[in-house]
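**Student:** Quick one: structure below, then a few questions.
Just so it is clear, none of the values below were taken in a lab; they were calculated from the coordinates. What you see is a predicted model, and the numbers here were worked out from it, not measured in a lab. Please note: Cβ atoms are built from the backbone with ideal geometry, for glycine as well, and neighbour counts cover all protein chains shown.
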Amino acid sequence: MSFLDSMHTVGSALTAERFRMDTILQNMTNAKTTRTANGEPYRRKQVVFQERAFDFQSALDSASAKVENAGVRVTEIVESDRDFVPVFDPTHPDANEDGYVMYPNVNMTEERVDLMAAANAYDANFTALQIVKTLALKALEIGK
């Protein structure tokens with residue numbers, strides 16, 4: 001595995017975690033959205049990651065093997081199937097005949113925790129990228 005392959009692998013994690021943070025922020029932004037294009041309240045979204053296929057044995061067997069597929073990728077965004085949150089507010093334009101407004105199934109505490117976890121994962125991957133970069137620069141100095 002070359003330094004560039006390592007950077008590509010870590011870069012895929014940075015991209016995936018950034019996408020995860022963006023999705024969490026979208027959830028937080030829409031926590032009070034009672035009506036979307038389909039007429040329902042906003043539904044919480046979650047990002048699903050998948051490991052990029054990499055056969056380590058093949059890489060060992062072949063000196064020319066590329067690790068370009070190693071890393072992680074976003075495979076889908078799934079909407080939560082949790083129930084919406086009913087709040088009694090008969091004056092709200094989206095209130096039903098009983099006076100309840102259905103609010104999104106977004107739990108702000110859960111979103112904050114997920115955002116902190118995503119930010120920590122992003123930070124850890126950024127640190128790994130810095131280490132790979134430092135190692136590459138040190139390797140260039142070996143011949144001097």
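**Student:** Could you give the Stokes-Einstein D for the stretch 83-135 in µm² per second, using the C-alpha Kirkwood radius, 25 °C, 0.890 mPa s?
**Tutor:** It diffuses with D of about 172 µm²/s by this estimate.
**Student:** With axes computed from alpha carbons, what is the tilt in degrees of helix 108-141 against the longest principal axis of the chain, rounded to the nearest 10 within 0 to 90?
**Tutor:** On a 0 to 90 degree scale, this one is about 10.
**Student:** Would you mind pulling out the separation of the Cα centroids of the stretch 16-46 and the stretch 87-144, in Å?
**Tutor:** Measuring centre to centre over Cα atoms gives 12 Å.
**Student:** Give the aspartates and glutamates reachable from LYS133 as a straight Cα distance under 19 Å; neighbours fewer than 8 places away on the same chain don't count.
**Tutor:** ASP5, GLU68, ASP123, GLU141
**Student:** Given R₀ = 25 Å, what would the calculated FRET efficiency be for GLU141 paired with THR15, taking r from the Cβ atoms and rounding to 0.05? Don't skip to the end; give the middle numbers.
**Tutor:** On the way: r = 30 Å, r/R0 = 1.19.
Given R0 = 25 Å and the Cβ-Cβ separation, E is 0.25.
**Student:** Let me ask something additional. Short version: what are the Cα gyration tensor semi-axes of the chain, square root of 5 times each eigenvalue, largest first, in whole Å?
**Tutor:** Working: eigenvalues 419, 52, 16 Å².
Gyration-tensor ellipsoid for the chain: 46, 16, 9 Å.
**Student:** Suppose a student asked you for the relative contact order of the stretch 3-141, using Cα pairs under 8 Å spaced at least 6 residues apart; what percent would you report? Numbers along the way, then the final one.
**Tutor:** Working: 197 pairs, mean separation 47.0, N = 139.
With pairs under 8 Å counted, the relative contact order is 34 percent.
**Student:** Another question about this same structure. What's the angle, to the nearest 10 degrees (0 to 90), between helix 3-29's Cα axis and the longest principal axis of the chain?
**Tutor:** So the helix axis and the longest Cα principal axis differ by about 10 degrees.
**Student:** Between ASP94 and VAL74, what is the FRET efficiency for a Förster distance of 30 Å, r being their Cβ-Cβ separation, to the nearest 0.05? Before the final figure, lay out each step's value.
**Tutor:** Details: r = 32 Å, r/R0 = 1.06.
After rounding, the FRET efficiency stands at 0.40.
**Student:** Between ASN38 and ARG52, with labels modelled 7 Å along Cα→Cβ, what's the label distance in nm to one decimal, could you check?
**Tutor:** Once both label points are built, they end up 3.1 nm from each other.
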